Amino acid sequence: MSDFVTRFAPSPTGRLHLGHAFSALTAFTAAQKAGGRFLIRIEDIDTIRCKPAFEQAILDDLAWLGLEWETPVRRQSEHFGSYHGAIDRLADRGLVYRCFKTRREILEDIARAPHHSGEGADGAIYPGPASKMSEDEEAARLAAGEPFAWRLSLAAASAELGDLAALTFEEDGRGPMGETGTIPVRPELIGDVIIGRKDVGTSYHLAVTMDDATQGITHVIRGEDLFFATAVHRLLQALLGLPVPVYRHHRLVTGDDGKRFTKRDKSLSLQAIRDGGANAKSLRLQLGFNW
Ligand code: GLU
């Protein structure tokens, strides 16, 4: 067996649709071709929107598609302690700060920023607060039980790591603008991104980066919609001393109208397709997988 390890990482917030099937088949087929390993990870940090029933349905759909994976399946909701521990370590180094602001206050900060910062992995890029909160105010807000998010301080990260634009990752597929090969991180597209959400104390970015390292993932294969998130993950790898996998972003499957599928398109769920009497082999063929 080669040392190639990849994964499919669904969030159980609904049933899988054709876009997920394409992603899962892309990763699985790559592992088969490389003689490597294929893992599934359940990304269920959003404890309100994720449901165990969806998790089971997703696994059933993937088995129906013809995929096989190693067990036990890793479930992120069982590892909050390790994500919170990483945030504590980043906080000890002054790399993250507590942000008590509401969504509206954040948008006001963005509007006040001298240069309009544009869109990053999580929407509008947050350039950071105009001034640092005083220790007294922070202590008072904490004592009052006000909720806060942990944000990465890009300034502190570059003070520790030097020029962040010198960080790169290998793109073995293509980004949305055809990006391929050695890709430099663009810190201006990251901003002070949320690393720990107000509700669950971690974020997609932190959990996915730590888990890819913990699970020994050598090739992250996922949709090009996550291309900009990869720069955030590369920065976290540098800060947390984690290995850097190769990235392979793939095109997104779209409907006849050219629009991406979402979990709201129930008619294109694998469940509806299965219920309509389709067989897995013809669906695989339709998506371009000839096995
Ligand atoms: N859980 C993410 C999603 O469902 C995928 C994460 C990844 O592949 O990195 O979109």
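The values are calculated or read from the model by the stated rules, or taken from the named source; none is laboratory data. Bear in mind the structure is a predicted one, so any value in this text is a computation, not a measurement. Note: ideal-geometry Cβ built from the backbone for every residue, glycine included; neighbour counts use all protein chains shown. Note: areas computed on protein heavy atoms with side chains; ligands, DNA, RNA excluded. Shrake-Rupley method; radii C 1.70, N 1.55, O 1.52, S 1.80 Å.
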Which pairs turn up if I take residues in the stretch 78-91 that are closer than 15 Å to residue 41 by Cβ and of a type in the set (S, T, N, Q) and look for partners that are in a helix (DSSP H, G or I) and at pLDDT 95 or above with beta carbon separation below 7 Å, at least 6 apart in sequence or on another chain?
82/210
Subset of the stretch 233-291 [hydroxyl-bearing (Ser, Thr, Tyr) and more than 30 Å from residue 164 (Cβ to Cβ)]
254, 262, 267, 269, 282
Considering only the stretch 123-175, how many residues are touching a helix residue (DSSP H, G or I) at 6+ places or on another chain (Cβ under 8 Å) and open to solvent by 60 Å² or more (accessible area, probe 1.4 Å)?
5
Scanning the stretch 172-230 residue by residue, those acidic (Asp, Glu), more than 17 Å from residue 153 (Cβ to Cβ) and more than 15 Å from the ligand (Cβ to nearest atom) turn out to be 179, 199
Selection within the stretch 245-258 - closer than 20 Å to residue 174 by Cβ and open to solvent by 40 Å² or more (accessible area, probe 1.4 Å)
246, 248, 251, 252, 254, 258
Here are some residues: 100, 28. Which one is open to solvent by less than 60 Å² (accessible area, probe 1.4 Å), in contact with a strand residue (DSSP E or B) (Cβ under 9 Å, 6 or more places away or on another chain) and either away from the ligand (no atom under 16 Å from the Cβ) or over 30 Å from residue 251 (Cα atoms) (or both)?
100
Looking at (1) away from the ligand (no atom under 14 Å from the Cβ); (2) over 30 Å from residue 136 (Cβ atoms); (3) open to solvent by less than 60 Å² (accessible area, probe 1.4 Å), which is the only condition residue 37 fails?
(3)
Does any residue in the stretch 215-237 that is among the hydroxyl-bearing types (Ser, Thr, Tyr) come within less than 7 Å, Cβ to Cβ, of a residue that is part of a strand (DSSP E or B) and within 11 Å of the ligand (Cβ to nearest atom) six or more places away or on a different chain, and which pairs are these?
230/247
Give the number of residues within the stretch 195-244 that are open to solvent by less than 30 Å² (accessible area, probe 1.4 Å), under 14 Å from the mean Cα position of the chain (by Cα) and not hydrophobic (A, V, I, L, M, F, W, C).
12
Please specify each residue of the stretch 115-135 satisfying the condition of being touching a Phe, Trp or Tyr at 6+ places or on another chain (Cβ under 9 Å) and polar (S, T, N, Q).
117
Residue selected from the stretch 1-11 under the condition within 14 Å of the ligand (Cβ to nearest atom) and either farther than 18 Å from residue 211 by Cβ or within 14 Å of the chain's Cα centre (by Cα) (or both), by the criterion most open to solvent (accessible area, probe 1.4 Å):
11
